[in-house]
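Every number here is computed from the coordinates shown, using simple stated rules; none is lab data. Fair warning: this is a prediction, and the values are worked out from it, not measured in the lab. Because the Cβ atoms are built from the backbone with ideal geometry, glycine has one as well, and the counts that use them run over all protein chains shown.
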Amino acid sequence: MAFLHLGVMELTTASQGLQVLVLGAGVFIVITIFRYFLTWYRLRHVPGPFLNSLTTLIQLKKVFDGEYHLYLNGLAQKYGPLVRIGPNEVMFSDPDTLRRCSAVRYEYSRGPFFEALRASPNKDHVFSTRDENFHKELRGKMGPGYAGQENGGFERSLDKIIHALIDLIERKYISTDTEYRPIEFSDRASYFTLDVISEIAYGEPFGFLKNDQDMFGYLEQSHKALPFMIVLGTLPGLSNWKDMWPLSLLMPSEKDKFGMGYMLGFATKFIDKRLAPDAKPGRDIIQSFINHGLPRDQLVQEITLQILAGSDTTATAIRMTLLYLIATPPALRRLVREIDDAIAEGKISSDKIITTAQANALPFLQAVVREGLRIFPPATGLVGKEVPKGSGDTVHRYYLPPGTIVGQNIWGICRSKDIFGDDANQFRPERWLTNDEDNLRAMADAQELVFGYGKYQCLGKQLVRMELGKVFVELLRRYDFSVVEATKPVSLRNAATWVTKDLWLKITRRTAGGV
Ligand code: HEM
């Protein structure tokens, strides 16, 4: 009997346990639905596709489709200046709102997307941190290094790598009437920028150009890692998970023999050598960071970030501007004429790499650089900022409660007909030579936003300008370029950043005006 009684008691306890469990699950589901509803309700007045207001998965699909920039711009054209693109995300398409979100005085902060940019689990660099005070402190310490102060500037380093690029072309890729030697220029542009960054950071290039090879499988691995990064960047709630076990195992490690992990390991060894008690101080960007008090671990993160932030973006600017030039003969002819005339008049030395001061004095070259960055912004992500705590904000007459993520449609800004005229979709550097000061100011103010603005503005902007000013002159004074396959000159995918492949070019030596 006692045995039976015990059995009944156990059954009762088990069914009570089950009831508590079911009740708990029920409460959890109700709270989740309620919170979900509240999130949806907060932004119900902002126009946008209904499905987007329910889930971020729609965006995720569009990112994987590879034309995210066109999708976002299409939404802007359909729904207006402010569109709801996710449950807690809106997107704007005008310069004023972009400036507002990044200006010091408006106290917006970074949204969760930025955490996806971490190179190591739980370690932030200046581009990933969401702690506004830490971000400000880092920018203060690194600003002089990025500006090239204290290390004699970037001129010599850039010239060295431009020589390496020319040397590679001369060794392997000059076609003639009798020899056909096409070059896949997309990767070579990345090799160039990766060597620039390593030369500037470590005083030695990685050797991509010298070896004409994807060193440590860096490009291959970053292309493979892209889907993972896309998911993390688009579903920001997941960003923190990747820093936890077991997902943290997928993150680059200093022990890796290839890819970003190898770069991390390389940076660590380099910094340890530099910080050793008997080490001689260098004259480079890292020494500037050290002099301004950046500790060892932070140095490793920042130096790795330079590669992440500065290589593919600048390579996109180089490869796509060159492609637009090839496809626009009047602009190409005018640029080549400007270069040839400058050489003939002694404004550019005939046997040395053009200096930045000389490049800055060539108006059409500067117009080409601006136009290339405008027509094809290298970084097209939303880089969403968060509406400050307190009373929220009002954008385009829509109230946005605190915590709303506000993303930018930089593609739309750069292709705006209101700002750039009816031919905004055409590559036309001549637009920058207008005498209309007001129009020029408005265009320049909008185009500059490809580098962000204010407290978040790109720290590599000055270096990029120098690279672009030099590289086009040094290529075009020597060579003619043509595409190999006119019906599909390049393979492009946009996933907030660009994945570019198969830009096959034929390079021939110029017969006149070269050095
Ligand atoms: C054409 C090339 C480039 C473009 C278009 C570009 C664009 C951008 C953009 C849009 C941002 C983010 C702004 C925001 O959050 O609102 C950014 C941030 C940043 N970029 Fe660049 N970038 C380029 C090249 C470089 C290079 C060469 C470097 C370094 C060597 C670099 C270093 C950085 C850093 C460190 C940040 C973070 C700034 C901060 O957190 O305050 N970038 N860049």
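From the Kirkwood radius over Cα pairs of the stretch 168-209, Stokes-Einstein at 10 °C and 1.306 mPa s returns a whole-number translational diffusion coefficient of 139 µm²/s.
Note on the stretch 115-221: Lys pairs 8 or more places apart or on different chains, Cα atoms under 19 Å apart, count 5. Here Lys417 is the anchor, and the aspartates and glutamates within straight C-alpha reach of less than 13 Å, apart from those fewer than 8 places off in the same chain, are Asp94.
The simple Förster model, with R0 at 35 Å and r as the Cβ-Cβ distance, assigns Thr176 and Lys257 a FRET efficiency of 0.30. Listed by chain and number, the aspartates and glutamates placed with their C-alpha closer than 14 angstrom to that of Lys506 are Glu170, Asp177, Glu179, Glu184, Asp480, Glu485; residues fewer than eight positions away on the same chain are left out. Remark: the stretch 282-437 carries a charge dipole of roughly 220 debye about the Cα centre, counting +1 on each Lys and Arg Cβ and -1 on each Asp and Glu Cβ. Each Lys and Arg Cβ is given +1 and each Asp and Glu Cβ -1; about its Cα centre, the stretch 104-152 then shows a dipole of about 60 debye. Here the spin labels are modelled as points 7 Å beyond Cα on the Cα-Cβ line, and at Gln77 and Leu440 they lie 3.1 nm apart. Computed on the stretch 379-468, with alpha-carbon pairs under 8 angstrom and 6+ residues apart, the relative contact order is 20 percent. Picking from Tyr453, Ser190, Asn52, whose Cα lies most toward the positive end of the charge dipole for the chain (charges on Cβ: Lys, Arg +1; Asp, Glu -1)? Value computed over the given set: Asn52. Here the extension length gained between Arg99 and Ala357 equals 90.0 nm, from 0.36 nm per residue of separation less the Cα-Cα distance.
Here the dipole of the chain is about 520 debye; that uses its Cα centre as origin and unit charges on the Cβ of Lys and Arg (positive) and Asp and Glu (negative).
Across the chain, the fraction of Cα-Cα pairs farther apart than 35 Å, rounded to a whole number, is 40%.
Of the trypsin sites (Lys or Arg not before Pro) found in the stretch 324-368, the ones in coil according to DSSP and having at most 12 other Cβ atoms within 10 Å of their Cβ are Lys352. Positive end of the dipole of the chain (Cβ unit charges, origin at the Cα centre): among Asn133, Leu209, Ile29, the Cα lying farthest that way belongs to Ile29.
Among 222-230, 86-94, the peptide with the highest mean count of other Cβ atoms within 10 Å heads the list, and the full ranking is 86-94, 222-230.
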